[in-house]
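**Student:** Before I ask anything, here is the structure I am working with.
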Amino acid sequence: MLFCHSFIVISQEEKNYSISGYAYIKIGNDLFPSNNLALKLNPGNIYTETDSLGFFKFNNLRNNTYQLKY
């Protein structure tokens, strides 16, 4: 089971948006960072991978509704 905790950051001056957060895998009752997990953001087919702590970030986004897939 995969859990994602994300944040949306808006820069009013530049009108650039970003989405960031952490991805975790649940094994039993424990949560572990999901490192090197490929994530896809739609629309736009934008890809990134989580780091060793499960952190991910998508930068330079437009104001829109997005769907995050793994």
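The values are calculated or read from the model by the stated rules, or taken from the named source; none is laboratory data. This is a predicted model, so every value here is computed, not measured. Note: ideal-geometry Cβ built from the backbone for every residue, glycine included; neighbour counts use all protein chains shown. For accessibility, only protein heavy atoms count, side chains too; no ligands or nucleic acids. Shrake-Rupley method; radii C 1.70, N 1.55, O 1.52, S 1.80 Å.
**Student:** Show the residues, 5+ positions off or on another chain, whose built amide H is closer than 5 Å to the amide H of L37.
**Tutor:** For L37, whose amide H was placed from the backbone, the distant partners under 5 Å are T50.
**Student:** Going from most exposed to least, what order do Y47, Y70 have by accessible area with a 1.4 Å probe?
**Tutor:** Y70, Y47
**Student:** What is the spin-label model distance, in nm, from S52 to K26 if the labels are put 7 Å beyond Cα along the C-beta direction?
**Tutor:** 2.7
**Student:** Which net charge results for the neighbourhood of Y70, defined as the other residues with beta-carbon distances under 12 angstrom from its beta-carbon, given Lys and Arg at +1 and Asp and Glu at -1?
**Tutor:** That sum, taken over residues with Cβ under 12 Å, equals +1.
**Student:** Let me ask you something else. With θ set to phi - 60° and the Karplus curve 6.51 cos²θ - 1.76 cosθ + 1.60, what are the ³J(HN,Hα) couplings of the range 31-42 in order, to the nearest whole Hz, using x for Gly and Pro?
**Tutor:** Running phi through 6.51 cos²θ - 1.76 cosθ + 1.60 with θ = phi - 60° gives 10, 10, x, 9, 8, 6, 7, 7, 10, 10, 10, 10 Hz.
**Student:** Send over the Kirkwood Rh of the range 25-70, from the inverse of the averaged 1/r over different Cα pairs, rounded to one decimal Å.
**Tutor:** Roughly 11.7 Å, rounded to one decimal.
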